[in-house]
Amino acid sequence: MTPATLRLEGGPVAAALDTDTRQRIHAVGSSGGPPTLASVHLGGESPFQFYLRRQRRAAEGLGIRFEEVALPDGATSADLRSTLRRLDEDPSVHGVLVEHPLPAPLDFRGAVDLLRPEKDVDGVGSTNLGRLLGPHPLQVPAVALASLAIARHYRLPVEEQPVAVIGRSETVGMPLAALLAGRSPGPSATVTIAHSRTPNLKLALAGARTIFSCVGRPGLLTRDVVPEGAAVVDVGLSSVPDASRPGGVRPAGDADPASLDGWAAALTPVPGGVGPVTVSELMHSTVESWERQRRDRGAGR
Ligand code: NAP
């Protein structure tokens, strides 16, 4: 029988990252201006407001200046491009995030590819994604870093182990799969990638010791598909109806915690698992980018 399923809280992992972020800021000092993260999003009430509040709170708690750049309703691709060019050229801004998905006709990929790789702090531009496949990644998507940080903090079986990633988006599933398969200092895992065209998810997951689910489909992972004793890192984040909550919804991951209880070896909760670590990774990457841009400027590059 599998012992009780361990609940893998993101809090301790986020706290360790935040400590390092604070130390780095303290070591450099405030002369020359604070690290600054700009978050570009569509204005008005949107689901992004929740992420923005969370990012602002995290940034300000660490001593990072957080600049919200709201595009007007009806913004065009030209508006988005000129906003990104301005932020890219502004030496007081060290990282730029583009909240996505963006509604058509706004082109997320065309927009992030305008940023120089140093400023593409979430590592979703084509140059950073390409560098992730080689020996010298620059900026790596925060959600991929967070998922691996949780796995390492809790010593989940990933190092040289069979693992599975469910989801193959270019900003979440694929970067995570690349990070997991990477040579040292990566974990050299043997990675199976599953997606919506995978004919038999249970078969695809068989043999995986750790499963990273990046789908956005509540209830996808039950004991019917997860091998007994596997660890599950639940990256998925959706809203499900819940009349007992203010707003009538609550967040949910891809895993069905009741079904996996006593079956999976370990499971990250939603909320409180990957989410807070992703925010901390983003802040950490912003400060690394700040350090690098200061060094380069000092060296006259
Ligand atoms: P996405 O672009 O919609 O990609 C979803 C992926 O899931 C696609 O590759 C899709 O396959 C696959 N998929 C859909 N239904 C499936 C099924 N029944 N079985 C297996 N695979 C299936 O979403 P995303 O941007 O990658 O984000 C994925 C999830 O992560 C979302 O819930 C998002 O909210 C969450 N997220 C969380 C954090 C965090 O910090 N916790 C950060 C970022 C994203 P196809 O490619 O075949 O369509």
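The values are calculated or read from the model by the stated rules, or taken from the named source; none is laboratory data. All of these numbers come straight from a predicted model, not from anything done at the bench. Virtual Cβ from ideal backbone geometry, glycine too; neighbours counted across all protein chains shown.
Do we have any residue at all in segment 7-22 that's more than 17 Å from residue 276 (Cβ to Cβ) and either of a type outside the set (Phe, Trp, Tyr) or in contact with a Lys or Arg (Cβ under 7 Å, 6 or more places away or on another chain) (or both)?
Let us first name the residues in segment 7-22 that are more than 17 Å from residue 276 (Cβ to Cβ), namely none.
Within segment 7-22, none of the residues are more than 17 Å from residue 276 (Cβ to Cβ) and either of a type outside the set (Phe, Trp, Tyr) or in contact with a Lys or Arg (Cβ under 7 Å, 6 or more places away or on another chain) (or both).
Specify which of the listed residues (65, 24, 54, 81) is closer than 30 Å to residue 258 by Cα, of a type in the set (Lys, Arg), in contact with a helix residue (DSSP H, G or I) (Cβ under 9 Å, 6 or more places away or on another chain) and surrounded by 13 or more Cβ atoms within 10 Å (Cβ to Cβ).
Values: 65 fails: closer than 30 Å to residue 258 by Cα; 24 fails: closer than 30 Å to residue 258 by Cα; 81 fails: closer than 30 Å to residue 258 by Cα.
Within the list 65, 24, 54, 81, the selection yields 54.
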Exercise. Return a yes/no flag: does segment 94-115 have any residue that is within 16 Å of the ligand (Cβ to nearest atom), surrounded by fewer than 23 Cβ atoms within 10 Å (Cβ to Cβ), closer than 30 Å to residue 65 by Cα and not assigned by TED's automatic domain parsing to the domain that holds residue 43.
Key: no
Quiz item: Of all residues in segment 241-261 being touching a Lys or Arg at 6+ places or on another chain (Cβ under 6 Å) and free of Cβ contacts under 8 Å to residues at least 60 places away in the same chain, which is surrounded by the most Cβ atoms within 10 Å (Cβ to Cβ)?
Solution: 259
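Considering only residues that are without any contact (Cβ under 8 Å) to a residue 40 or more places away in the chain, assigned to a helix (DSSP H, G or I) and in contact with an Asp or Glu (Cβ under 9 Å, 6 or more places away or on another chain), look in segment 116-139 and name the one that is surrounded by the most Cβ atoms within 10 Å (Cβ to Cβ). Reasoning before the result, please.
Narrowing segment 116-139 to residues without any contact (Cβ under 8 Å) to a residue 40 or more places away in the chain: 116-117, 120, 125-128, 130-131, 134, 136-138.
Okay, now just the ones that are also assigned to a helix (DSSP H, G or I), so 126-128, 130-131.
Still in the list and also in contact with an Asp or Glu (Cβ under 9 Å, 6 or more places away or on another chain): 126-128.
Details: 126: 13, 127: 17, 128: 23.
It comes out as 128.
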Self-check item: Count of residues meeting criterion [in a loop (DSSP other than H, G, I, E, B), in contact with a strand residue (DSSP E or B) (Cβ under 9 Å, 6 or more places away or on another chain) and either more than 22 Å from residue 280 (Cβ to Cβ) or assigned by TED's automatic domain parsing to the domain that holds residue 111 (or both)] in segment 140-178
Solution: 4
Exercise. Any chance you could count how many residues in segment 155-190 are within 10 Å of the ligand (Cβ to nearest atom) and farther than 13 Å from residue 225 by Cα?
Key: 11
